[in-house]
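Enquirer: First, the structure itself, so that you have it in front of you.
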Amino acid sequence: MGYAGISVVTLAVIGSLTVLPALLRIAGPRIDSWRVPMPWDRRRSAPRPETAGRWYRTARLVMRRPLATTLAVVGLLVGLGLPFLSANWARPAEWVLPSGSDARVVTQRLDTEFDRDPTRVITAVVTLAGPADAAGPLGAYAERLASVPGTNGATVTRTEGNLARITAHYSMDPMSRDARTMVDRLRAQPRPEGSTTRFTGMPFSRVDIVDMIGSRVPWMALFIAVVSSVVLFLAFGSVTVPLKSVLLNLLSLSAAFGAIKLVFQDGHLHGLLGYTPIGAIDADFPVLIVAIAFGLAMDYEVLLLSRIKEASGSRAPACHARGVTP
């Protein structure tokens, strides 16, 4: 995904600086020769004054009440982002597949038609200080693992040298919050003296990958914010503009995350959108949204500020000649 994003942006920049100007030069005024006339184009045929239109009226309204508008917009974005605090992150599983796919059908039938899903297994590999013995401390350790809520028994299934394998079953949804609690409790159980334990299975895979992504997303966001701030500072020579842009983009991203949680985790609008909510969100979403949405928002920010700078700069000589500050 990272390499794909880099290549798309690189090719877009190269094409915008080379191929696009060449094509525009070749087309010249014929660029609109095949234009399809639309009914609303007639209304725009005559030039409109800058003080006309709904966007002008909206901008004037905002500038007349800047504090009230700021508080209202920030309050709305914060309110939309609050549900994000209770998001339950998961890894893609059969639920991302089409409803008729074999893997999803088999998984659903295992859940509904069998007392115990044989695929819901947790394996613990214990490295002991001495030869492995299914009895004694190792057996007691297996009993402690079996006593953790959510597990359906745990037994020593094989020993070889100083290695032992303990197999446990579970019945809960591996993407649920209860599964994460079970993982934390299994890892917290006292091990035989001098031993180490490594766990595997869907609940542990989900917890470890989500924690890994969560530990790196802040650094990714910081990198994007710093680079964007430097670019905006070099473009406009302002410290306030980059700071404002980063804060507003963070607010808009939090609102987007909150909406994703309400729709895909809580299941609002699932009937209209045609999907089955699972009570969790794919942990890859934050990475993609931070990278793509932040970049798109900053792109629009640069476009808007460049136009404002261009417009104010073009009027500056005439304004100063009349003694008016633009």
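Enquirer: Kirkwood Rh, the chain, all Cα pairs: how many Å?
Expert: On the way: mean 1/r = 0.0388 Å⁻¹.
Hydrodynamic radius (Kirkwood, Cα only) of the chain equals 25.8 Å.
Enquirer: Dipole size in debye (nearest 20) for the chain around its Cα centre, Lys and Arg Cβ +1, Asp and Glu Cβ -1?
Expert: Details: 34 positive and 24 negative charges, 421 e Å.
It comes to approximately 2020 debye.
Enquirer: Something else: Pairs of Cα atoms under 8 Å, at least six residues apart: use those to get the relative contact order of the chain, whole percent.
Expert: Numbers: 318 pairs, mean separation 60.3, N = 326.
Averaging sequence separation for qualifying contacts and normalising by length gives 18 percent for the chain.
Enquirer: Hey, another quick one. Using helices alone, I'd like the mean residue ellipticity at 222 nm for the chain: each DSSP H run of four-plus residues gives -39500 (n - 2.57), total over residue count, nearest 500. Before the final figure, lay out each step's value.
Expert: Working: 11 runs with 185 residues, N = 326.
Computed mean residue ellipticity for the chain: -19000 deg cm²/dmol.
Enquirer: Here is a further query. How would you order 114-125, 239-250, 6-17 from highest to lowest mean count of nearby Cβ atoms within 10 Å?
Expert: Result, highest mean Cβ count within 10 Å first: 239-250, 114-125, 6-17.
Enquirer: Starting from the Cα of residue 305, step 7 Å toward the Cβ, then list every residue of segment 229-272 with an amide N under 14 Å from that point.
Expert: From segment 229-272, the list is 229-250.
Enquirer: So what's the projected area for segment 120-200, the Cα convex hull averaged over all directions, in nm²?
Expert: Computed as one quarter of the Cα hull surface, the answer is 4.6 nm².
Enquirer: Taking the Cβ-Cβ separation of residue 58 and residue 78 as r and a Förster radius of 22 Å, what is the calculated FRET efficiency to the nearest 0.05? Mind showing how you got there, number by number?
Expert: Details: r = 22 Å, r/R0 = 1.00.
For residue 58 and residue 78, the calculated efficiency is 0.50.
Only the coordinates and a few stated rules stand behind these numbers; no lab work does. Owing to the predicted nature of the structure, the values given are computational and were not obtained by experimental measurement. Every residue, glycine as well, gets a Cβ built from its backbone with ideal geometry; the counts of neighbours run over all protein chains shown.
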